[in-house]
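Here, each number is a calculation from the coordinates, and none is a lab measurement. All values reported here derive from a predicted model rather than from experimental measurement. Heads up, the Cβs are rebuilt from the backbone with ideal geometry, glycines too, and the neighbour counts pull from every protein chain shown.
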Amino acid sequence: MNVCVFSSSSNGIAECYIREAILLAGLIAENKMTLVNGGANVGLMEVVSATAVQKGVKTIGVIPEKMKQHNLVSDKIQQVIISKDMPERKARMRELSDAYIALPGGFGTLEEILEVITLKQLDYLSGPVVFINTNGFFDDLFRQFEKSYAENFAKENYRKIYFIAKNSTEAIEYIKNYQPENLGTKWDDVPVKF
């Protein structure tokens, strides 16, 4: 199974996030999974890649040409795929992957995982989607999700699109036991227009 891990490119983050990334890479190794990520040599991306390789995991990194020009390609990645830009990078990462995990990260991480949720909502993807909520990092995002449910911008059923894990152990267990279910489409039971 290929597991895509979206995560921070910042080196200035707290130790608790680094420890969780190391744990996740170890669990990917224990379960003989392949790591797919953004292929950069910074932040949690590099932590996950370096730990995974050290533990014998096959690693695939997809990184845009522009980032390669800035010498940001990890030398820990076994297979590096250079994309022309960010949209191609994200599409390639999704195509290569069976499951999707978000570790804490900035705007790029949020964009990547929210795009995966949107594509699953629209029935373009069917694999498991997991947030690892280290240190309550995503709590405010989940409050925004709750507002979307409460005010009918998102269907209650969409809670099943993603799983909120307290840690990497919960995330990997969820992925291993995941059973896809038909959630209908975004347009089922559309309210009458104004």
How about segment 81-124: which chymotrypsin sites (Phe, Trp or Tyr not before Pro) there are in a DSSP loop, with at most 16 other Cβ atoms within 10 Å of their Cβ?
TYR124
Subtracting the Cα-Cα distance from 0.36 nm times the residue separation, let me have the gained length for ASP123 to SER148 in nm, one decimal.
7.0 nm
Does anyone have the angle between helix 107-121 and the longest principal axis of the chain? Alpha-carbon axes, 0 to 90°, nearest 10?
50
Here FRET efficiency (C-beta to C-beta, LYS166 to GLU95, R₀ 35 Å, nearest 0.05) is 0.75
Taking only Cα atoms, what is the 0 to 90° angle, nearest 10, from helix 139-150's long axis to the longest principal axis of the chain?
20
In a Gaussian network model of the chain with springs linking alpha carbons closer than 10 Å, the residue among LYS166, LYS147, LYS76 that fluctuates most is LYS147
Gap in Å between the Cα centre of segment 136-155 and the Cα centre of segment 42-74?
31
Taking Lys and Arg as +1 and Asp and Glu as -1, residues besides LYS90 with C-beta under 13 Å from its C-beta add up to -2
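For segment 2-176, what is the percent of antiparallel DSSP beta bridges, rounded to the nearest 5?
On the way: 1 of 22 bridges.
Among the beta bridges of segment 2-176, antiparallel pairing accounts for roughly 5 percent.
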0 to 90° range, to nearest 10: angle between helix 43-54 axis and the chain longest Cα axis
60
So who's got an amide H within less than 5 Å of the one on ILE81, skipping anything under 5 residues away but keeping other chains? H placed 1.01 Å off N, in plane.
GLY61, VAL62, ILE63
Charge context of ASN167, other residues only, Cβ under 11 angstrom, K/R +1, D/E -1
-1
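Once R0 is set to 45 Å, what does the formula 1/(1 + (r/R0)^6) return for the Cβ-Cβ distance between ASN177 and GLU88, expressed as a FRET efficiency to the nearest 0.05? All intermediate terms of the calculation are to be shown ahead of the outcome.
Working: r = 32 Å, r/R0 = 0.72.
Taking R0 as 45 Å, the efficiency between ASN177 and GLU88 is 0.90.
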Short version: what are the Cα gyration tensor semi-axes of segment 2-176, square root of 5 times each eigenvalue, largest first, in whole Å?
25, 18, 16
For a Förster distance of 25 Å, can you work out the FRET efficiency between the beta-carbons of LYS66 and MET1, rounded to the nearest 0.05?
0.25
From a point 7 Å beyond the Cα of ASN135 in the direction of its Cβ, which residues of segment 33-76 have a backbone N at a distance under 15 Å?
43-45
